[in-house]
Structures are given as C-alpha cells and as structure tokens.
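Novice: This structure is in structure tokens; I'll ask about it shortly.
Values in this text are rule-based calculations from the coordinates and carry no lab data. None of the values given here were measured: they were computed from a predicted structure. For neighbour counting, all protein chains shown are included, and Cβ atoms are generated from backbone atoms with ideal geometry for every residue, glycine included.
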Amino acid sequence: MGKRIISQARGHGSLSYQARKRAFIFKIKYPMGEGEAEVISILHSAAHSAPLLKLKRKDEVFYNPAFNGAVLGQKITIGNTQTPQEGNIMMLKDVPLGAHVYNIENNPGDGGKMVRAAGTKAIVFKRYDHNKVSLLMPNKKEILISGDCRVTLGTIAGEGRTLKPFIKAGVKFYKMKARNKLWPRTSAVKMNAIDHPFGSGRGKRIKSKIAKRNAPPGARVGHIRPSRTGRKR
C-alpha cells in the first residue's frame, strides 16, 4: 500500500498540516453605512503582514490594515468627504485621480480583497463611463473595477518588513507555520519515488512527465494537457 505524497496529505488535512486558528482571529472588513470611526488600538496579527487598526463606529468594531502615520484616537471618515485624507474609507468613484489606495473591494460590499500586504498601494488611474475606474496595481498592471467598490486612502504601514533578516531558522519556521506554509520546502526531484511523481531517477536527471487527464490533485504534476511533446525537429 502506498502513501499520500506531501501535496495530497496537506490537502487532506492533519495535525502536521494545519494553520494556527488563533492567527486568524482578526477579520478585515468595512462597516455598513457612513459616519465617523475612531482608532482605538493598533495591533499585530500573525495572519497579516501589516499592523491592523481596531476601529469603532458607534457600537460597531471592525479591523482595517494600518496606514502610514496612523495614531491612536485618530478620527476616520467613512463615506464621501470634501477633504479626502489618509485612512478615510470612500467609494472609488469619489476618490480623486492619482490618489494612493489600499484594501480594495473586488465587488461592492465584499469588505476588501486586494492590496492588503504591508507597504503596498494602488493608484487611481482613470475613470470610464458606466461607473468603471481603472487602478494601477503594485505589480504595475492595470485593472478595471466598479466605482461603487470601497477603498481606504493612503499606503499600508510596514513597508520595510522584508528587509529584516530572519537570522534563525526557528524564527522563519514559526512565521511559516502561522500561515500554514510548507517550510522548509524540498525540491521534488530530490525526493524518493514514493514521495513524489518526480522522485528518484537515480540522481537529479529531470525527465518530462505527462500528467494523466483524470489524475487526482497532488498526482497531477508535470505537463498538464500539453499541446505537443518530444523534441522539436
């Protein structure tokens, strides 16, 4: 009887392959309606690369990635405002062109899905008819989304996060474990044949492998539906 390869075992779930649930206790979202919110705390979340703002609006508490320059007790405006400032939550159609934004909704009301990593920002690029707005993303690609999607003005804090070295393997181990990442990662061709379809082969002599059409996840590695195989002549 064989055993599951690592990618199959991770998908199945076990004590060895699971995320720390406590790392994900803070959920980023936007509140319903308009008004004014106050920054009541700035905290660290193991599941997020950026520090989080704990905001209170009336009786509602919500979390949002912190922006550069955020301070305790600061007032944040939610909704349309005549004087946009960093930290304000607005609809994309009301944001001036050239402004930096983050925590962008993919669809109106989903609470923010894009540009949430430390130090990132997008730029409001163009406006189009039919309530569409173009954004220049951190990877320099341009995307088009609805003007009714909400965003936060400013740049996310924690820009120099990747500059600090881990120093010790143990520090990186716990950092990866918080996000349920497989670390350290072993190259597939260095494994034994029982551990991966690329394994063994008496050394690192890579041969192309055609994955079966109906192979399960994990075994479906290599060339997926290749249009042609073999050496070009």
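Novice: At 0.36 nm per residue, minus the direct Cα-Cα distance, what do W183 and K141 gain on full extension? Give it in nm, one decimal, please.
Specialist: Residue separation times 0.36 nm, minus the Cα-Cα distance, leaves 12.1 nm.
Novice: Got the relative contact order for the chain handy, in percent, Cα pairs under 8 Å and 6 or more residues apart?
Specialist: Relative contact order of the chain: 18 percent.
Novice: Which number gives the lysine pairs in the range 1-103 that have C-alpha atoms under 30 Å apart and are eight or more places apart or on different chains?
Specialist: Counting lysine pairs in the range 1-103 gives 22.
Novice: Starting from the Cα-Cα distance between T83 and R231, subtract it from 0.36 nm times their residue separation and give me the gain in nm to one decimal.
Specialist: 47.0 nm
Novice: Which of M114, M90, M191 ends up with the largest GNM mean-square fluctuation for the chain, with Cα atoms connected below 10 Å?
Specialist: Top of the fluctuation ranking is M191.
Novice: When you have a sec, figure out the Kirkwood radius of the range 1-99 from all distinct Cα pair distances and drop it here in Å to one decimal?
Specialist: 16.2
Novice: Ok, one more. Might you report the magnitude of the Cβ-based charge dipole of the range 70-117 about its Cα centre, with Lys and Arg at +1 and Asp and Glu at -1, to the nearest 20 debye?
Specialist: 60
Novice: Here's a follow-up. How big, on average over all directions, is the shadow cast by the Cα convex hull of the chain, in nm²?
Specialist: With every direction weighted equally, the projected area is 19.3 nm².
Novice: Between K126 and A46, what is the spin-label point distance in nm, taking each point 7 Å from the Cα along the Cα→C-beta axis?
Specialist: Result for the modelled spin labels: 4.6 nm.
Novice: What FRET efficiency, computed as 1/(1 + (r/R0)^6) with R0 = 25 Å and r the Cβ-Cβ distance, is obtained for H12 and I206, rounded to the nearest 0.05?
Specialist: Given R0 = 25 Å and the Cβ-Cβ separation, E is 0.35.
Novice: Another question about this same structure. Using R₀ = 45 Å, calculate the FRET efficiency as 1/(1 + (r/R₀)^6) where r is the Cβ-Cβ separation of R213 and L72; round to 0.05.
Specialist: My answer for the efficiency is 0.20.
Novice: May I pose another question? With each run of n ≥ 4 DSSP H residues scored as -39500 (n - 2.57), what mean residue ellipticity at 222 nm is computed for the chain after dividing by its residue count and rounding to the nearest 500 deg cm²/dmol?
Specialist: -2000 deg cm²/dmol
Novice: Another question, if that's okay. So what are the ³J(HN,Hα) numbers for the range 216-228, from phi and the Karplus equation (6.51, -1.76, 1.60; θ = phi - 60°), rounded to whole Hz, Gly and Pro as x?
Specialist: For the range 216-228, the Karplus-derived couplings read x, x, x, 8, 8, 10, x, 7, 9, 6, x, 6, 8 Hz, x marking Gly and Pro.
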